[in-house]
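The values are calculated or read from the model by the stated rules, or taken from the named source; none is laboratory data. Everything numeric in this text was worked out from a predicted model, so none of it was measured. Methodologically, a virtual Cβ is constructed for each residue, glycine included, from the backbone with ideal geometry; neighbour enumeration extends over all protein chains shown.
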Amino acid sequence: MKRNCAECGGVVAPARVAIGYNVCLPCGERIARQRVHTVAPLHKSNYIVVTNRADLRGLNNKGGLYR
């Protein structure tokens with residue numbers, strides 16, 4: 001099955017279409033590099049996935065109050 005890329009209009013490999021992708025490999029790589037996240041440990045708790053930098057401010061309550 002031949003399908004065009006949703007981003008650039010190029011041809012998407014049939015193996016990628018079979019597993020549900022609708023973008024070619026170079027466009028998929030570019031899209032993946034735009035998403036950035038990190039994992040931060042909480043004091044005496046679990047870890048939290050942070051996708052917004054503003055969420056990191058004041059996360060460690062042992063460091064003092066952040067305003």
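Matching residues to (1) surrounded by 10 or more Cβ atoms within 10 Å (Cβ to Cβ); (2) in contact with a helix residue (DSSP H, G or I) (Cβ under 9 Å, 6 or more places away or on another chain); (3) at pLDDT below 80:
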site: E7; (1), (2), (3): yes, yes, no
site: A18; (1), (2), (3): no, no, no
site: N22; (1), (2), (3): yes, yes, no
site: R35; (1), (2), (3): no, no, yes
site: A40; (1), (2), (3): yes, yes, no
site: L59; (1), (2), (3): yes, no, yes
site: G64; (1), (2), (3): no, no, yes
Condition broken by S45, with the remaining ones in (1) among the hydroxyl-bearing types (S, T, Y); (2) surrounded by 10 or more Cβ atoms within 10 Å (Cβ to Cβ); (3) at pLDDT below 85 satisfied: (2)
Return the residues of region 8-55 that are of a type in the set (A, V, I, L, M) and either part of a loop (DSSP other than H, G, I, E, B) or in contact (Cβ under 8 Å) with a residue 60 or more places away in the chain (or both); say none if nothing qualifies. A13, I19, V23, V36, L42
